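A short write-up of the structure that comes next.
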Amino acid sequence: MHICRIKRIVEHSDIHKTFFLDIKMDAMPGQFVMVWIPGIDEVPMSLSHIGEETAITVEKVGEATEAMHRMKEGDKLGVRGPYGRGFEIMGKKALFVAGGTGIAPLLPLIKIYEGEKHVVLGAKTSKLLLFADDIKKIANLHISTDDGSAGIEGFSTDVARMLMEKQEFDVVYVCGPEIMMKKMLDLCIEKGIEMQASLERYMKCGVGICDSCAIDGYHVCKDGPVFSSNVLIKIKDFGEWKRDEAGRKVRI
Ligand SMILES: Cc1cc2nc3c(=O)[nH]c(=O)nc-3n(C[C@H](O)[C@H](O)[C@H](O)COP(=O)(O)OP(=O)(O)OC[C@H]3O[C@@H](n4cnc5c(N)ncnc54)[C@H](O)[C@@H]3O)c2cc1C
């Protein structure tokens, strides 16, 4: 475990902050780290910035992420990793579909992808759209909001369908709520396009030992978090079931 300091904090919204850390990490987009918040918990976080700078983008949802949001520049965090399988770069034209905080693992991939790139950035409302200005500079950006406060009113999957009906893509990269990723899988199967999605499950060890993130014989921490469509179609729990912190199966 590396003990590192928070170099810089960028506040995007009431519930989103990016924490730049004073470590260098050799990682693939889609890989994650286990972040230890001293005295509170250890939680998995995707790397939203890789290379020159290392950062994680954190949505405040519960105890650990609230504690992180209270932290200041100079405070210490523990980091283990990088872990898991990241995105595989393929094809010459890609569609990236992000829902909410799901843009975090996709951002470093969008930056290094060398072909033509279209990004659907979806959020509940305009204030929760992350990294839109950065993405606009490097890709074709299509925005959707549930309430119509920016871009097209509707879900990111609706915009993705519109784009996929008009254009051909070699690959679709997805991260967001699992219901949305399941819809994208169905759409990609219908169109015969390869998809890669980053899954979220409750994790304790991050290295395939504790079984917390087991899903139909796969460990999300080791075999994922990025899975390709040919594996996702075999995972019956995908879009249906997850496990809570006690290991109980709960409906998604
Ligand atoms: C591989 C991987 C990568 C991840 N990357 C990121 C990332 O880049 N940024 C990020 O913000 N989060 C990311 N997460 C999710 C993050 O790990 C959890 O949000 C975090 O562990 C919640 O901890 P907590 O103690 O704050 O909340 P808990 O106290 O554990 O949960 C509080 C409440 O929030 C709910 N909850 C938990 N997680 C989520 C969630 N993701 N969305 C909505 N509700 C939730 C719980 O069901 C519970 O009701 C990732 C998860 C995985 C597995």
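According to a simple spin-label model (label point 7 Å from Cα along Cα-to-Cβ), what is the distance in nm between Gln167 and Arg8?
3.0 nm
How much length is gained on full extension from Ile233 to Lys124, taking 0.36 nm per residue of separation minus their Cα-Cα distance? Spell out each step's value before the answer.
Numbers: separation 109, 0.36 × 109 = 39.24 nm, distance 2.75 nm.
Full extension from Ile233 to Lys124 adds 36.5 nm.
Select from segment 164-252 those GluC sites (Glu not before Pro) which occupy a DSSP coil region and have at most 13 other Cβ atoms within 10 Å, ordered by residue number.
Values: sites: Glu165, Glu168, Glu178, Glu190, Glu194, Glu200, Glu240, Glu245; in loops: Glu168, Glu200, Glu240, Glu245.
Here the sparse-neighbourhood loop sites are Glu168, Glu240, Glu245.
Which pairs in the list Lys17/Lys236; Lys93/Lys124; Lys124/Lys236; Lys136/Lys242 are over 32 Å apart, alpha-carbon to alpha-carbon?
Long pairs (Cα-Cα over 32 Å): Lys17/Lys236; Lys136/Lys242.
If the cut-off is a Cα-Cα distance under 15 Å, which aspartates and glutamates reach Lys127, setting aside same-chain residues fewer than 8 apart in sequence?
The qualifying aspartates and glutamates are Glu11, Asp14, Glu59, Asp146, Asp147, Glu153.
For segment 2-83, what class follows from the C-alpha gyration tensor (a ≥ b ≥ c being the square roots of its eigenvalues): rounded when a/c is under 1.5, otherwise prolate if a/b is larger than b/c, else oblate? Spell out each step's value before the answer.
Details: a/c = 1.39, a/b = 1.29, b/c = 1.08.
Cα axes put segment 2-83 in the rounded bin.
Tell me the mean residue ellipticity at 222 nm calculated for the chain from its helices only (DSSP H runs of n ≥ 4, each -39500 (n - 2.57), averaged over every residue, nearest 500).
-6000 deg cm²/dmol
Contour minus end-to-end for Glu73 and Glu194, with contour as 0.36 nm per residue of separation and end-to-end as the Cα-Cα distance?
On the way: separation 121, 0.36 × 121 = 43.56 nm, distance 4.09 nm.
Fully extending the segment from Glu73 to Glu194 adds 39.5 nm.
Have a look at the DSSP beta bridges in the chain and tell me what percent are antiparallel, nearest 5. Intermediate values should be presented prior to the final figure.
Working: 34 of 59 bridges.
Here the share of antiparallel DSSP bridges comes out near 60 percent.
Readers should treat all values here as calculations from the given coordinates under stated rules, not as data from a laboratory. This is a predicted model, so every value here is computed, not measured. Counting neighbours? That spans all protein chains shown, and the Cβs are built from the backbone with ideal geometry, glycine included.
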